[in-house]
Amino acid sequence: FPTSLVLSRHSMENYKLLFRHLFFAKHVERRLVGVWSDHQVLKKLDSLRGLLGPSFLLRQRMLHFVQNLINYMTFDVVENNWLEMMSSINAPDQQATNGQREQTVDDILSIHDGFLHKTLEACLLTNPSLIRSLTKLLNTCLLFTDQMKRFMATTRIYDDSLNLAAEKRGAVQRNLNERGASQVVALDKNKLLRVLTSVKEERNVLHQRQTRRVGREICSESYKRMIERFQEVFSADLSVFMMQLNTHTASGTMASLGIRLDWNGFITSSISLRSNA
């Protein structure tokens with residue numbers, strides 16, 4: 001109340017369904033962005049970039065899919081349909097003397113129901129096979145983010161960085177305390193040089209230790225099988241989703257989703273290769 005006086009219970013349930021759908025996609029995007037942030041930390045290990053390439057590529061493919069899906073639903077569907085609905089409600093009528101179209105509440109509710117139905121349909125929520133394939137893809141992305149978080153926890157890169165930062169803060173604080181106690185204004189250049197050299201050596205040692213630890217993990221058979229399995233599952237599920245999408249939509253708003261996801265024809269060529277294999 002008072003929303004229930006205007007919108008039926010069925011409309012409210014449809015809104016809940018739409019919002020859950022959008023929030024779930026946004027949740028997957030945030031998790032993938034977190035993996036992207038973790039991968040930026042790993043990129044400083046230059047000698048391991050080649051070995052980490054498959055993980056980076058898979059993460060980027062997933063992120064490209066989810067971000068384009070969200071942009072499609074929010075901008076191409078929800079925003080456009082909302083503007084179209086408001087334009088229909090506020091459309092002037094030439095026969096009206098006051099310049100505004102005289103509409104009843106039933107007319108406005110009918111326009112709103114059309115907006116809601118069109119939005120649900122364009123967001124794939126009225127097609128059981130498409131939404132099932134889409135949910136499977138998003139769940140695969142979530143499982144991948146879980147595995148990457150476990151991988152980062154195993155390498156303990158963030159722990160090393162935090163420990164080094166704490167040591168730096170302690171060294172700076174001790175230096176300030178010594179200067180304050182002795183009332184020395186000019187900093188000893190030799191002491192400063194020794195501190196900078198020590199910090200550089202600590203960074204080199206930390207970099208070598210992280211490189212060995214991460215290299216040991218990514219060279220393990222379990223990690224390789226995990227990445228290969230995710231690549232196979234994601235590629236197969238994406239191919240199924242795109243084939244279903246192309247079958248149900250040849251033109252219109254939903255066709256723009258296929259264009260967004262396969263703008264360079266890579267997925268189409270992958271589907272052809274799978275069919276010929």
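Numbers for the structure displayed
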read-out: Lone unmet requirement of (1) out of contact with any His (no Cβ under 9 Å at 6 or more places or on another chain); (2) within 30 Å of HIS112 (Cβ to Cβ); (3) open to solvent by 50 Å² or more (accessible area, probe 1.4 Å) for ASN68; value: (3)
read-out: Within the stretch 24-59, tally of residues that are open to solvent by 70 Å² or more (accessible area, probe 1.4 Å) and modelled with pLDDT under 90; value: 4
read-out: Test: residue in the stretch 79-96 that is open to solvent by 30 Å² or more (accessible area, probe 1.4 Å), β-branched (Val, Ile, Thr) and free of Cβ contacts under 8 Å to residues at least 24 places away in the same chain; value: yes
read-out: Qualifying residue in the stretch 37-46 (condition: without any contact (Cβ under 8 Å) to a residue 40 or more places away in the chain and within 30 Å of MET12 (Cα to Cα)); value: no
read-out: Cβ pairs under 8 Å, 6+ apart, first in the stretch 122-135 and farther than 17 Å from VAL77 by Cα and in contact (Cβ under 8 Å) with a residue 24 or more places away in the chain, second part of a helix (DSSP H, G or I) and among the acidic types (Asp, Glu); value: SER133/ASP237
read-out: Helices (runs of 4 or more DSSP H) fully within the stretch 198-277 counting 3 or more residues that are touching a helix residue (DSSP H, G or I) at 6+ places or on another chain (Cβ under 8 Å) and modelled with pLDDT of 90 or more; value: 221-248
read-out: Of all residues in the stretch 1-23 being of a type in the set (S, T, N, Q) and touching a residue at least 24 places away in the same chain (Cβ under 8 Å), the one that is most open to solvent (accessible area, probe 1.4 Å); value: ASN14
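The values are calculated or read from the model by the stated rules, or taken from the named source; none is laboratory data. Model, not experiment: these values are computed from the prediction. All Cβ positions, glycine included, derive from the backbone under ideal geometry; neighbour counts span all protein chains shown. We work out accessible area using only protein heavy atoms, side chains counted, and drop any ligands, DNA or RNA first. Shrake-Rupley method; radii C 1.70, N 1.55, O 1.52, S 1.80 Å.
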